[in-house]
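The values are calculated or read from the model by the stated rules, or taken from the named source; none is laboratory data. Note that this is a predicted model, so its numbers are computed, not measured. Note that each Cβ is placed from the backbone with ideal geometry, even for glycine, and that neighbours are counted across all protein chains shown.
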Amino acid sequence: MNTKIKSVFQRVAVLLLTVILFAQCNKKDDVVLATDTIDTKLAADPELSLFKKAVTQAKLESFTKGPGPFTILAPTNAALAAAGITDATLATVDSITLTAMLFNHFQNLKRTSFEFPVGPNAPMASMAGFSNFSSKNLTTNTTYINAAKVLETDINCSNGIIHKIDKFLALPNIPARTIIKSNPNYSLMDSAISKAGITTTFAPATGSATTIFLISNASMIAAGYTSLATIGALTPAQVTTLTNTLRYHIIQSRNFSIAFKAGSTKTLQGSNVIITTGTPVTVKGISNTTASTITTPDIIASNAVLHEISGILLP
Amino acid sequence: MKFNIILPSTLLLLSALVGCEKNTYQVTERTSNDGSAQVKLGFFSAYTVNPNTILYVNDVPVSNTLAAPISFPGGGLNMNGLSNGDYLFVKPGTAKIQGFRPVPATGNIMTKLFEFNQAFAANINYTFYITDTAANTTGFALEDTKVKPDSGFARFKFVNTMPNVTAVDLYKGANAATATLIQGNVNYKAASPSFDLPLPISDSFYIRPAGAATTTQPIARRFFALSNQRIYTMLSRGYNGSTLATLAPNISVIVNQ
């Protein structure tokens with residue numbers, strides 16, 4: 001009997017010892033780790049073939065193959081094509097310039113879709129040294145980076161994570177005033193800004209949260225500002241009206257087309273404009289009979305977001 | 001009966017011990033085994049508004065946008081970045097080192113800040129220093145030792161990257177008046193001989209123009225707490241006499257190993 005009890009105790013002791021040994025081991029997690037690098041994932045995705053080609057051309061493979069971790073906001077081929085970037089045009093861009101353009105899509109950390117800030121317009125630093133802005137629509141569970149919709153999230157890689165986006169994130173490297181001056185379609189607006197003496201108003205500091213509605217020449221003509229000569233000959237009272245009108249086209253907050261809130265929004269002039277969201281977004285001045293639509297949205301400047309509208313806003 | 005229990009139990013224990021992956025310590029490998037040169041880029045060009053700059057070696061971007069003062073990779077103390085002893089592996093021979101700045105307020109996407117060609121030999125550690133600004137930007141390479149000091153010491157060299165001082169003296173001590181001279185007459189773009197300091201090193205360091213009396217106000221002062229058996233490069237940077245934060249004379253430390 002004693003021998004039997006002793007034997008049982010011995011077996012239990014051995015069993016316990018074994019359990020303790022196993023418990024002290026460093027166990028492997030059940031989580032399946034991504035083994036493919038960012039570079040491999042980009043190469044394997046036909047929707048991202050042009051972006052991958054650009055990465056190779058910019059000699060950024062030491063990053064996409066490197067240890068990371070990085071977050072890549074990868075514009076699809078369609079997104080790049082919409083921005084005028086194709087196989088043919090890509091070949092004309094030098095690798096140095098391309099580095100900055102692509103680095104604007106790289107973040108120096110791993111950020112899952114859950115970790116995109118809700119915003120609106122929450123800044124996220126890119127590796128190009130500029131900020132892109134995150135806005136989440138919690139109702140539709142959609143994330144936007146600037147005006148780009150995140151199409152596919154959380155493509156896990158061994159050295160980071162990829163999110164596919166539907167727009168190219170242009171570098172904010174040109175001031176708003178330069179954009180206005182350099183486009184002949186805004187020559188009358190540009191002349192009006194000079195005549196009104198408010199050039200500095202249209203030149204906020206770099207990185208400012210400002211939205212400017214662009215008035216095309218056609219809209220200026222329809223409003224009676226028919227030529228440079230006409231604008232040059234305005235009376236002081238007319239200049240005051242013009243100044244008010246131009247200031248009515250500036251909102252002192254950053255508004256990408258996807259992030260406008262419906263309703264009244266105060267302008268720099270002091271009065272509100274009425275925004276309706278949807279496709280397209282419309283904006284209406286107090287004295288306008290009809291709303292203007294945003295015809296060319298989300299032109300990114302170094303100091304503002306610009307939207308061309310179909311009319312002129314009248315305060 | 002005893003044999004029946006002991007043998008299977010022993011086998012079971014052995015299989016348990018062999019089958020498990022044991023906790024291990026990871027040591028970062030920072031030694032090239034492929035005959036590369038190892039290079040740090042010490043970017044100490046002091047601009048009023050420090051430009052974000054992407055560093056290139058042999059036409060390949062090696063960094064994201066960085067702002068001086070920084071040594072890349074690895075960083076250091078009293079500068080931007082981390083503080084470890086990382087180096088880039090660079091093919092021996094002449095390397096092209098460039099800095100490009102994405103410019104936010106002009107139509108240019110990238111502007112070249114500097115370009116240098118520098119020869120690097122295999123299996124040697126270097127720091128390539130970039131200092132001064134605009135057309136005066138200059139670059140020079142200095143070799144970094146890989147031989148660590150005895151326990152109880154930290155190993156140093158002192159480099160002068162301050163463009164408007166011909167040579168400086170380095171002092172160490174609790175206050176400027178009583179600080180002792182550590183290295184004297186270190187010329188601009190040159191390094192002192194290697195020297196060891198005994199631990200503990202939790203002290204202030206001072207620089208003065210070479211030969212200046214200890215009664216004179218130092219150009220810069222900085223406190224550092226440094227570790228055992230590390231290899232450091234201490235350096236002067238900025239411009240003597242400037243009061244702007246980005247241009248002011250300062251002392252930093254690069255962690256070499």
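Structure values in brief
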{"item": "Any chance B:PRO193 is in a loop (DSSP other than H, G, I, E, B), over 15 Å from the mean Cα position of the chain (by Cα) and under 23 Å from B:THR145 (Cβ atoms)", "result": "yes"}
{"item": "Test: residue in region B:84-104 that is acidic (Asp, Glu) and modelled with pLDDT of 95 or more", "result": "no"}
{"item": "Residue list for region A:93-111, filter: under 16 Å from A:PHE130 (Cα atoms) and free of Cβ contacts under 8 Å to residues at least 24 places away in the same chain", "result": "A:THR97"}
{"item": "Of all residues in region B:155-164 being out of contact with any helix residue (DSSP H, G or I) (no Cβ under 9 Å at 6 or more places or on another chain) and surrounded by fewer than 22 Cβ atoms within 10 Å (Cβ to Cβ), the one that is farthest from B:THR214 (Cα to Cα)", "result": "B:ARG155"}
{"item": "Any chance A:THR282 is within 23 Å of A:LEU188 (Cβ to Cβ) and surrounded by fewer than 17 Cβ atoms within 10 Å (Cβ to Cβ)", "result": "no"}
{"item": "Among (1) assigned to a helix (DSSP H, G or I); (2) without any contact (Cβ under 8 Å) to a residue 60 or more places away in the chain; (3) under 24 Å from the mean Cα position of the chain (by Cα), the one test that A:ILE258 misses", "result": "(2)"}
{"item": "Residue tally, condition surrounded by fewer than 24 Cβ atoms within 10 Å (Cβ to Cβ), closer than 21 Å to A:ILE96 by Cβ and either under 21 Å from the mean Cα position of the chain (by Cα) or touching a residue at least 40 places away in the same chain (Cβ under 8 Å) (or both), over region A:44-53", "result": "2"}
{"item": "Single unsatisfied condition, B:ALA245 versus (1) in a loop (DSSP other than H, G, I, E, B); (2) under 22 Å from B:ALA177 (Cβ atoms); (3) of a type in the set (A, V, I, L, M)", "result": "(2)"}
{"item": "Condition check for A:ILE251: within 21 Å of A:PRO123 (Cβ to Cβ), crowded, with 19+ Cβ neighbours inside 10 Å and more than 14 Å from chain B (Cβ to nearest Cβ)", "result": "yes"}
{"item": "Tally, over region B:141-185, of residues that are of a type in the set (Ser, Thr, Tyr), part of a loop (DSSP other than H, G, I, E, B) and more than 29 Å from B:GLN118 (Cα to Cα)", "result": "2"}
{"item": "Subset of region A:172-201 (residues that are assigned to a loop (DSSP other than H, G, I, E, B), away from chain B (no Cβ under 14 Å) and touching a residue at least 40 places away in the same chain (Cβ under 8 Å))", "result": "A:GLY197, A:ILE198, A:THR201"}
{"item": "Residue among A:SER302, A:SER287 that alone is surrounded by fewer than 14 Cβ atoms within 10 Å (Cβ to Cβ) and on the phi < 0 side of the Ramachandran plot", "result": "A:SER287"}
{"item": "Options A:THR230, A:THR279; residue that is free of Cβ contacts under 8 Å to residues at least 12 places away in the same chain, within 26 Å of the chain's Cα centre (by Cα) and not in a strand (DSSP E or B)", "result": "A:THR279"}
{"item": "Failed condition for B:LEU226, given (1) surrounded by fewer than 18 Cβ atoms within 10 Å (Cβ to Cβ); (2) within 21 Å of the chain's Cα centre (by Cα)", "result": "(1)"}
{"item": "Filter result for the condition that a residue is within 14 Å of another protein chain (Cβ to nearest Cβ) and under 21 Å from the mean Cα position of the chain (by Cα), over B:PHE120, B:PHE114, B:PHE140", "result": "B:PHE114"}
{"item": "Lone unmet requirement of (1) away from chain A (no Cβ under 11 Å); (2) farther than 19 Å from B:ASN125 by Cα; (3) of a type in the set (A, V, I, L, M) for B:ILE70", "result": "(2)"}
